[in-house]
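The values are calculated or read from the model by the stated rules, or taken from the named source; none is laboratory data. Just so it is clear, the structure is predicted and the values come from calculations on it, not from any experiment. Backbone-built Cβ (ideal geometry, glycine too); neighbour counts: all protein chains shown. Keep in mind that these areas ignore ligands, DNA and RNA; they rest on the heavy atoms of the full protein, side chains included. Shrake-Rupley method; radii C 1.70, N 1.55, O 1.52, S 1.80 Å.
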Amino acid sequence: VEGQFGTWTATITYDEATGTGEVAAEVNIASLTLGAVSGMATGPDFLNAPAFPTARFEGTIGRAPDGGAAHQATGTLTVAGQTRPATLPFDLTIAGDQATARGTLTLDRRDFGVGATYADESTVSFPVLVTVDLTATRG
């Protein structure tokens, strides 16, 4: 099942010369669209939007050390009240005043207590692929 969050904000600082910066992003959990299971996914058994209305990532940006994606954002991700370390490798393209970043990471929903009543993968898998695809305008 694929879905997306419709409402989010991000503050990003980036120095092109050094390839470093900082990022703080916040996602409105209730803005999730996930087909017929949107309400269930944002409900108390999963993301619990009433108790935890936002997810947040805060981290630093740097060049990827492995030669893969050009950059990575390393920091903490808070989902459903649980904070865990997270690293998002991403490719970055800058053209004039616009920057485009695309990357993916895989999270384990159990690390955030999401779907805790689903103890096996027969109906809800443990890994969750997160894709970030954003365009930012220099402000």
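When each of the peptides 126-134, 28-36 is scored by how many other beta carbons lie within 10 Å of its residues on average, the order from highest to lowest is 28-36, 126-134.
With the helix formula -39500 (n - 2.57) applied to DSSP H stretches of n ≥ 4, the chain reaches a computed 222 nm mean residue ellipticity of -500 deg cm²/dmol.
A Gaussian network model of the chain, with springs between Cα atoms under 10 Å, assigns the largest mean-square fluctuation among 120, 111, 97 to 97. Annotation: segment 11-56 has a Kirkwood hydrodynamic radius of 12.4 angstrom, from the mean reciprocal C-alpha pair distance. Of all the options 17, 80, 101, the one that moves most in a Gaussian network model of the chain with Cα springs shorter than 10 angstrom is 17. Comparing 78, 11, 60 in a Gaussian network model of the chain (Cα springs below 10 Å), the most mobile by mean-square fluctuation is 11. Dividing the mean sequence gap of close Cα pairs (under 8 Å, 6+ apart) by how many residues the chain holds gives a relative contact order of 17 percent.
Relative to the present Cα-Cα distance, how much length would full extension add between residue 1 and residue 17 at 0.36 nm per residue of separation?
Values: separation 16, 0.36 × 16 = 5.76 nm, distance 3.97 nm.
Net length gain for the segment: 1.8 nm.
Report the FRET efficiency, 1/(1 + (r/R0)^6), for residue 125 and residue 36, where r is their Cβ-Cβ distance and R0 is 22 Å, rounded to 0.05.
According to the calculation, E is roughly 0.80.
Projecting label points 7 angstrom from Cα along Cα→Cβ for residue 134 and residue 97 puts them 1.9 nm apart.
Per the 1.4 Å probe, what fraction of the accessible area of the chain, in percent, lies on carbon and sulfur atoms? Looking at the chain in its full context, I get 54 percent from C and S.
With Rg and the Kirkwood Rh both taken from Cα atoms, where does Rg over Rh land for the chain?
Working: Rg = 15.8 Å, Rh = 16.0 Å.
Using Cα coordinates only, the ratio equals 0.99.
For segment 26-135, the solvent-accessible area with a 1.4 angstrom probe is 56 square angstrom per residue.
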